[in-house]
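Every number here is computed from the coordinates shown, using simple stated rules; none is lab data. This structure is a prediction, so every number in the text was calculated from the model and none was measured. Counting neighbours? That spans all protein chains shown, and the Cβs are built from the backbone with ideal geometry, glycine included.
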Amino acid sequence: MNTFPWMLKREYWEHRGGFLLAPLWTGVTLLGFTSIGSLFTHTTPQQIQQVDRVISPLLLGIDGLFGVVIGFVLFFYLLGALYDDRRDRSVLFWKSMPISDTATVASKAATAVVLVPILATVMALCTWLIMQILLSVFVLAHGGNPLTLIWMRSAVITAPALLAAVLPMMMLWMVPTAGWLLLCSAASRSTPFLWAVLIPILLGILNGWIGLLGLPHLPAEIMWGDGVKRVLLGTFGTLDVVNAMQAAQRTGGGFGASLLAAYDQPVAWLAGIGGIAMMAASAILRRRSVDL
Amino acid sequence: MTTLIEASGLRKRYKSTEALRGIDFNIQAGRIVGLIGPNGAGKTTALKAILGLTEFEGQLQVLGHDPRAGREHMMRDVCFIADVAVLPRWLRVQQAIDFVSGVHSKFDLKRCEAFMARTQIPRQARVRELSKGMIVQLHLALVMAIDARFLVLDEPTLGLDLLYRKQFYQTLLEDYFDEQRTILITTHQVEEIEHILSDVMFIRDGRITLNADMESLGERFIEVMVAPEHDQDARGLNPLSTRSVFGRSVHLFDGVPRERLQPLGELRRPGLADIFVATMQGAHA
């Protein structure tokens, strides 16, 4: 009996507002502002001729915005995932089903790390496509030919292809934070938010103190940049990838350079392993107690 | 008769208290067992141990499984309603049915629909929009549609009005229970379940103080309404408790042979509640 799809569905039922409606309204708002804004923009004919330059940055920008929205949604989803049902005691209902705790934790991790990023990327692509259509109307209104200026340019294909190609990397960045937040969610008897945020930050400060005393400690950029940031801000992983690619593109890099910039992050792989270990620990905690 | 649950030396310690002090008991298949005790006696802890919801020390086998390991296999044959209204409040009625139907291999959708048809629960409503009685009806419809061998009910009717409570136990007995199934119930409302129980266990301060089937209970505990002239003799037989009704004293005896009590007055079968109160005296002292 394949129960896993039902468990994913259950997560979607509970969090439809965050997973679907929040990105949806982001897209709608963005499109609304763009259409109104385009009415008041002054454009020279030269700019119209070079309109293809915005195709790729536009998609990255849109995806970055969606990344911020789901970053917040996922942060709070993961913090509550193994805590909220213990607080309202509905855990007693979920635990009356023949489902292992490993499967429960896996379904929540998969929702955050795989399903929601895919959903957000698809919605970012749809928003971008509609924006290309708006752009075509804009070009047409300024006497340009949208077919040759936009739709026959290679960026129309390469930009979405690049986004799809780096999606696994965006997911990988989310793993350490997903693991840490699930662990806090499973372990907390109250206020998982405080535990999740304070522990890494206090550890970072402690590490700094030890450094000031001249004792062996981790360099600040590793402690904060690779440690604290990775366990707290990983749900914004989309931004890490988008930033790396934007940097590559600013220095004139094309498809290959952007792809390489996204994947050339050894820390992400290491942090991913740590994240999976924390997910395993969450499953053990989940099995041992249902009480707050 | 097969043994469904075997517990020996079951022990659970919380930080400051010992909730279970090494208890032993067996539960046979096809019985309806009442686990009865005052607040804080360890009832819920015992149930949690059986259902694999807490860690414990000692030996415990539930349908051949250790609840601490392979719990998901055990849960295919075990169902429970722990407390009232633990259904997630955001869940829609139809989603609840779809979910259980999707994840539980022993769930019979037709049976569930038949139970639901008897209620007035709107399908698209969320659980939080239902009355407490309706939530229990829904939970019961979900659980009774599962062909489980062992059902655990922890205070299943707490806070419900009389009509729902009556209906709850009636449905359970008429439409669910058969010799293939076993039910374990805890409740404070002893009078309500007395007539459906086949066995009873009293628990107090983490120990089982009484474990008997209802028939032997009727032989062991006898209540005598004693005529005033025999009152002194009756007290000499060491009654468990004494109360007075309309100026005559009523004594409850534990394990005194019927023949010795017969001459003292009118013999009666005591209610479970009377036995409970008599054996628990001083529990809250």
Original post:
Regarding region A:145-209, what is the average projected area of its C-alpha convex hull, in nm²?
Top reply: 8.0
Subject >> Reachable lysines, given that their alpha-carbon falls under 24 Å from the alpha-carbon of residue B:15 and they are not under 8 places away in the same chain >> reply: B:43, B:48
Original post:
For chain B, which span is the longest to avoid every loop-located (per DSSP) member of trypsin sites (Lys or Arg not before Pro) having at most 12 other Cβ atoms inside 10 Å?
Top reply: B:124-285
**OP:** Calculate how steeply helix A:116-141 sits against the longest principal axis of the alpha-carbon atoms of chain A, using the helix alpha-carbon long axis, and give the answer as 0 to 90 degrees to the nearest 10.
**Re:** 10
**OP:** Can you tell me how much longer the chain between residue B:2 and residue B:128 gets when fully stretched, taken as 0.36 nm per residue apart minus their C-alpha distance, in nm with one decimal?
**Re:** 41.3 nm
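Assuming a ≥ b ≥ c are the square roots of the Cα gyration tensor eigenvalues, decide whether region A:184-292 counts as rounded (a/c under 1.5), prolate (otherwise, with a/b larger than b/c) or oblate.
Working: a/c = 2.64, a/b = 1.46, b/c = 1.81.
Verdict is oblate for region A:184-292.
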Original post:
How would you rank A:67-79, A:4-16, A:205-217, highest first, on the average number of other Cβ atoms within 10 Å across their residues?
Top reply: A:67-79, A:4-16, A:205-217
**OP:** Give the distance, in whole Å, between the Cα centre of region B:1-47 and the Cα centre of region B:155-182.
**Re:** 22
Original post:
residue A:229: which lysines have alpha carbons under 26 Å from its alpha carbon, excluding same-chain residues fewer than 8 sequence positions away?
Top reply: A:108
Subject >> 19 Å Cα-Cα reach of residue A:9 towards aspartates and glutamates, excluding residues that sit fewer than 8 places from it in its own chain >> reply: A:84, A:85, A:101, B:98
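Quick check: from the Cα gyration tensor, does region B:217-279 come out rounded (a/c under 1.5), prolate or oblate?
Numbers: a/c = 1.67, a/b = 1.24, b/c = 1.35.
Cα axes put region B:217-279 in the oblate bin.
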**OP:** With no solvent and one equal point scatterer per Cα, compute the Debye intensity ratio I(q)/I(0) for chain B at 0.07, 0.09, 0.11, 0.15 Å⁻¹ and report its log10, rounded to two decimals.
**Re:** -0.31, -0.50, -0.72, -1.16
**OP:** Could you please state, rounded to a whole Å, how far the C-alpha centre of region B:53-132 is from the C-alpha centre of region A:143-211?
**Re:** 36
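Taking every residue in A:132-141, how many Cβ atoms of other protein chains lie within 10 Å of its Cβ, on average?
On the way: counts 0, 0, 0, 0, 0, 0, 0, 0, 0, 0.
Counting Cβ atoms of other protein chains within 10 Å of each residue's Cβ and averaging gives 0.
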Subject >> Exposure proxy order (Cβ contacts within 10 Å, fewest to most) of A:264, B:98 >> reply: A:264, B:98
Subject >> Rh by Kirkwood over Cα pairs, then Stokes-Einstein D for chain A at 0.692 mPa s and 37 °C, µm²/s >> reply: 157
Original post:
In degrees between 0 and 90, to the nearest 10, how far off the longest principal axis of chain B does helix B:93-103 point, with axes built from Cα atoms?
Top reply: 90
